[in-house]
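What follows is one structure encoded as structure tokens, with my remarks underneath.
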């Protein structure tokens, strides 16, 4: 017989996660340890942060790396997106300023182990964020960027790059991601 761990509160989760050596997701009273990422994953994330940081340098937008926790208040999920951007007033869970609640843009780099979650259940949570205008998925196994952009009438529009095309416009922040730069120093088999 399998014994299920008791559920914990959001406060208990935040206390534990803030002092933990590794990051954890939290949903519905349960915590889930997050594993480390591969070299290509880390390089792509660094490239995206650099590109967005440079492209948004003279704007009010702020770019956050994967150490910034996100709370999807509408569903209760706490997670660590690879990259987030906020262009307006920042909203945090508390005065600690380590858990954001209102990203305009979220970027996830797809790994083999998380791709179905990032495309499915995680995106279901993200879509509930009233602030979210754009969700970007970047493959680490081939040169491909996909995006979902939320229109003013709250419909999601899908588009993607082709291996030959060079840029994808991020409408939510008024910036382009150049395919060549996103995959800088990435070697494909």
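Assorted remarks:
For (1) touching a helix residue (DSSP H, G or I) at 6+ places or on another chain (Cβ under 8 Å); (2) more than 15 Å from residue 177 (Cα to Cα), each residue gets a yes or a no:
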site	(1), (2)
23	yes, yes
28	no, yes
33	no, yes
49	no, no
65	yes, yes
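- For residue 147, the stated conditions hold: it is modelled with pLDDT of 95 or more and within 17 Å of residue 47 (Cβ to Cβ).
- Breaking point among (1) outside any helix (DSSP H, G or I); (2) in contact (Cβ under 8 Å) with a residue 24 or more places away in the chain, for residue 125: (1)
- Among the residues of region 80-102, the one identified as surrounded by fewer than 20 Cβ atoms within 10 Å (Cβ to Cβ), in a strand (DSSP E or B) and in contact (Cβ under 8 Å) with a residue 40 or more places away in the chain is 99.
- Taken together, 113, 141, 159 contain a single residue that is farther than 25 Å from residue 60 by Cβ, assigned to a strand (DSSP E or B) and modelled with pLDDT under 95, which is 159.
- Filtered residues of region 14-37 (kept if assigned to a helix (DSSP H, G or I) and loosely packed, with under 11 Cβ neighbours inside 10 Å): 19
- Of all residues in region 99-115, at least one satisfies being farther than 23 Å from residue 32 by Cα and touching a strand residue (DSSP E or B) at 6+ places or on another chain (Cβ under 8 Å).
- Enumeration of residues in region 176-189 that are assigned to a loop (DSSP other than H, G, I, E, B) and under 18 Å from the mean Cα position of the chain (by Cα): 183
- Any hit, region 66-73, residues being closer than 29 Å to residue 167 by Cβ and either surrounded by fewer than 18 Cβ atoms within 10 Å (Cβ to Cβ) or in contact (Cβ under 8 Å) with a residue 60 or more places away in the chain (or both): yes
- Tally, over region 51-65, of residues that are within 17 Å of residue 89 (Cα to Cα) and either under 16 Å from the mean Cα position of the chain (by Cα) or surrounded by 13 or more Cβ atoms within 10 Å (Cβ to Cβ) (or both): 5
- Any hit, region 3-13, residues being surrounded by 16 or more Cβ atoms within 10 Å (Cβ to Cβ) and either in contact (Cβ under 8 Å) with a residue 60 or more places away in the chain or within 15 Å of the chain's Cα centre (by Cα) (or both): yes
- In region 114-140, the residue that is surrounded by the most Cβ atoms within 10 Å (Cβ to Cβ) out of those that are out of contact with any helix residue (DSSP H, G or I) (no Cβ under 8 Å at 6 or more places or on another chain) and farther than 21 Å from residue 28 by Cβ is 136.
- Single condition residue 173 does not satisfy, out of (1) modelled with pLDDT of 95 or more; (2) closer than 16 Å to residue 55 by Cβ; (3) part of a strand (DSSP E or B): (3)
- The residue that is farthest from residue 76 (Cα to Cα), among those in region 38-58 that are out of contact with any strand residue (DSSP E or B) (no Cβ under 8 Å at 6 or more places or on another chain) and not in a helix (DSSP H, G or I), is 58.
The values are calculated or read from the model by the stated rules, or taken from the named source; none is laboratory data. Since the structure is predicted, the reported quantities are computational estimates derived from the model, not experimental observations. Counting neighbours? That spans all protein chains shown, and the Cβs are built from the backbone with ideal geometry, glycine included.
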